[in-house]
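To start, the structure itself, in structure tokens.
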Amino acid sequence: MGVILEVKNLTKKFGGLTAVNDFSFEIQRGEFIGLIGPNGAGKTTVFNLISGFEKPNAGSIRFDGMDITGLKPFQIVNLGLVRTFQLVRSFHYMSVLDNVSVACLSPRGKKAAEKVGIDQYASRILSEVGLIDKARFPPVILPHGDLRRLEIGKAAGTNPQILLLDEPFSGLSYEEQEHIHALIRRLSNEGVTIFITGHVLRELMNLVPRVIAMHQGKVITDGPPQEVANHKLVLEAYLGRGGVFA
Amino acid sequence: MPKKIRRKLSDAVSGSKNFFLGIPRATRNLYKEIPHQVKSFKEWIFTFRGSLTILCIIGTILIPLITMDDYITTILISFLIFSIFAASWDLLAGFTGQTSFGHSVFFGVGAYVAAAFVKMAGLPWFFSMIIGAVVAVLVGLIVGIPCLRLKGPYLALGTMAFSLILFNLFMSGELKDILGSTEGISGLPAMSEDLIITFLYILIIMIISFVILIIIIKSNIGTIFKAIRDDESAADASGINTTKYKLIAFMISGFFAGIAGSLFSLNSRAVNPSVFLALYSFYAIVMVALGGLATISGSVLGAFVYWVILNELFKPLGMWGTVFLFFPTLISAIILVIMIRFAEQGILKPALEHLREFYDFLLGR
Ligand SMILES: Nc1ncnc2c1ncn2[C@@H]1O[C@H](COP(=O)(O)OP(=O)(O)OP(=O)(O)O)[C@@H](O)[C@H]1O
Ligand SMILES: [Mg+2]
């Protein structure tokens, strides 16, 4: 137990726009937690800052007791914090299996894959995410739902302690969403801490016991989904957008 | 000594012990694998690709032996040298996505260093070649580091700048005490009295180079190279130190381009600043475009078609006047445009497919 991720006073400005504004929160080891906010609230920017893809203007990020502010993305991944992308990014001209193998070839992934060998380990992950039948395919021919699963498989290949999932349900049919739900639950049961964004609460309602709601770069509220859904400021933030559950 | 420091020291020592002990262990493992390798090699020979490769090699050896024609042998030697050069470019650009337009830098450095060591130090050609390649690796680092942050056309221009700098440096005659002035270095001893023997030396080096390059691209390092090519930030997000691997790619590519350059000057027994011309970089690009990007073996076909077939076919035109002094550049440009427009994959894959049908037909499948 204990705090695995501690973000303090994180601020990121793009020119005149403050995308993330004095943002602070803590995540406990093994927690399963959501981050919601309307379009442009700053969710992706928070992920980019934590995973090292952007440098914050102010604030600090501590992971597993270490200050990781300013480290490079691959260094952070090798400490055990990995993120997926809202717009899936696969290696187009490589097989699905090799897409996952790349992650297993990172120093951290390699250590985990040592006993069974890279190929075996990557195949095992593909079975977990349900893509083993398509191991030899190039990702370009996969449907969007499969690409989302591959995105999670690639992240899992680095053997993460905490997984940051950026809108893993966006653009998916109901059944595909169910698949990903099940997959994420399994990962969570295996002990991986999960931090997941969504821009409507409905997606996360039945999944996570705790949600942080953000708007215009700031935390509005933090608590169980029921409470968050009824919070006055959350309702205001979503006003005119068809409501929190839309 | 404080306990902590002592422990750190002993860790460091045992670490290095593991490293050195690791080498014999790794070699032993490799040694154990040899029977397996030989077996899979035997199987490979009977596959379509294997038999084709062996046939091509035998054909290449037989042509000069049968014809005993120095002209033909010389052309084949150039073909072998430039296929190594093209493959080294393919590793960097085709596999790692670092499109260099300044590959003549590595070629030229290899050529000059090897020539200098043979001429000034009187070293045997083989050692000079290795030194040339090693210096090209260092140059790979020197070019690679400032170009790390550049992508696409900017990387192409950045690398090209290096070839311009070196060309002008060597042309200026500033280096004439060690590396000759505008005329470069000439009067090197021949690699062997007999041209056929020289040819065989170069063929062996070429085969070894290709075997190593193919092993590299099929290994884990090759997978990482391809990931960097397809999406560098996604590779970063997968925990890969992309900076490190891009530099490794520059160094490996520099090594083989250096080998090609060394062989070029050792075989022509002279070298001058023109080896740094952008023309040489374009040779590599055109041959790879012809054979097929990201194939390695395509470079052989590309080099053959360009160097042996097209060059010979168009040679008579060269006598028509000064315009045709620019002929190599002109053919290169035309081929490049045609390939990009009509056959992005290169000709290796389609050629192999057609041959394969024929092969299956012969075997009655
Ligand atoms: N690289 C950038 N340069 C300039 N502005 C940016 C950049 N990245 C994000 N922004 C701006 O910062 C704000 C927050 O964007 P962000 O992508 O983090 O929102 P989000 O909550 O992930 O939204 P969505 O639900 O659409 O994914 C937006 O106004 C966006 O336009
Ligand atoms: Mg977003």
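The values are calculated or read from the model by the stated rules, or taken from the named source; none is laboratory data. Worth saying up front: this structure is predicted, and the values here are computed from it rather than measured. Neighbour counts run over all protein chains shown; Cβ positions are idealised from the backbone, glycine included. Remember, those area values only see protein heavy atoms, side chains included, never the ligands or the DNA or RNA. Shrake-Rupley method; radii C 1.70, N 1.55, O 1.52, S 1.80 Å.
Give the residue that is farthest from the other protein chains (Cβ to nearest Cβ), with candidates limited to residues of region A:192-218 that are within 13 Å of ligand 2 (Cβ to nearest atom) and assigned to a loop (DSSP other than H, G, I, E, B). If we take residues in region A:192-218 being within 13 Å of ligand 2 (Cβ to nearest atom) and assigned to a loop (DSSP other than H, G, I, E, B), then A:Val200 is farthest from the other protein chains (Cβ to nearest Cβ). Among the residues of region B:89-117, the ones that are over 19 Å from B:Ile216 (Cα atoms) and touching a residue at least 60 places away in the same chain (Cβ under 8 Å) come to 17 in all.
Working only within region A:38-68, note down all residues that are more than 17 Å from A:Thr11 (Cα to Cα) and either within 11 Å of ligand 2 (Cβ to nearest atom) or acidic (Asp, Glu) (or both). Across region A:38-68, the qualifying residues are A:Pro38, A:Asn39, A:Asp64. In region A:114-125, the qualifying residues are those that are assigned to a helix (DSSP H, G or I) and surrounded by fewer than 24 Cβ atoms within 10 Å (Cβ to Cβ), and the one that is farthest from the other protein chains (Cβ to nearest Cβ) is A:Arg124. Before we move on, is A:Arg62 more than 13 Å from every other protein chain (Cβ to nearest Cβ) and either assigned to a loop (DSSP other than H, G, I, E, B) or not acidic (Asp, Glu) (or both)? Judged against the criteria, A:Arg62 is a match. So is A:Val102 among the hydrophobic types (A, V, I, L, M, F, W, C) and either in contact with a strand residue (DSSP E or B) (Cβ under 7 Å, 6 or more places away or on another chain) or facing chain B (nearest Cβ under 10 Å) (or both) or not? Yes: the conditions hold for A:Val102.
For region A:29-49, does any single residue satisfy the condition of being within 17 Å of the chain's Cα centre (by Cα), of a type in the set (Ser, Thr, Tyr) and over 16 Å from A:Val211 (Cα atoms)? Yes - at least one qualifying residue is present in region A:29-49. Taking each residue of region A:34-46 that is closer than 11 Å to A:Gly217 by Cα and looking for partners that are of a type in the set (Ser, Thr, Tyr) and more than 8 Å from ligand 2 (Cβ to nearest atom) with beta-carbon atoms closer than 8 Å, six or more apart or interchain, yields A:Pro38/A:Tyr238.
Conditions (1) over 15 Å from the mean Cα position of the chain (by Cα); (2) small (Gly, Ala, Ser), marked per residue:
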| residue | (1), (2) |
| --- | --- |
| B:Gly140 | no, yes |
| B:Gly152 | yes, yes |
| B:Thr159 | yes, no |
| B:Pro189 | yes, no |
| B:Ser192 | yes, yes |
| B:Ile196 | yes, no |
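Of the residues that sit in region A:15-31 and are assigned to a loop (DSSP other than H, G, I, E, B) and under 25 Å from A:Val192 (Cβ atoms), which one is nearest to ligand 1 (Cβ to nearest atom)? If we take residues in region A:15-31 being assigned to a loop (DSSP other than H, G, I, E, B) and under 25 Å from A:Val192 (Cβ atoms), then A:Glu31 is nearest to ligand 1 (Cβ to nearest atom). The residues listed here are B:Tyr245, B:Tyr201; of these, the one that is within 14 Å of chain A (Cβ to nearest Cβ) and surrounded by fewer than 22 Cβ atoms within 10 Å (Cβ to Cβ) is B:Tyr245.
Consider A:Leu183 carefully, then state whether it is crowded, with 17+ Cβ neighbours inside 10 Å, over 18 Å from the mean Cα position of the chain (by Cα), assigned to a helix (DSSP H, G or I) and more than 13 Å from every other protein chain (Cβ to nearest Cβ). So A:Leu183 fails the test. Under the condition of being at pLDDT 90 or above, open to solvent by less than 30 Å² (accessible area, probe 1.4 Å) and not hydroxyl-bearing (Ser, Thr, Tyr), the residues counted in region B:158-187 number 1. Taking every residue in region A:197-218 that is on the phi > 0 side of the Ramachandran plot and pairing it with any residue that is within 14 Å of ligand 1 (Cβ to nearest atom) and in a loop (DSSP other than H, G, I, E, B), at least 6 positions away or on another chain, the pairs with Cβ-Cβ distances below 8 Å are A:Gln216/A:Ala41; A:Gln216/A:Gly42; A:Gly217/A:Ala41; A:Gly217/A:Gly42. Scanning region A:32-72 for residues that are farther than 25 Å from A:Val234 by Cα, within 15 Å of ligand 1 (Cβ to nearest atom) and surrounded by 19 or more Cβ atoms within 10 Å (Cβ to Cβ) yields A:Ser51, A:Gly52, A:Pro56.
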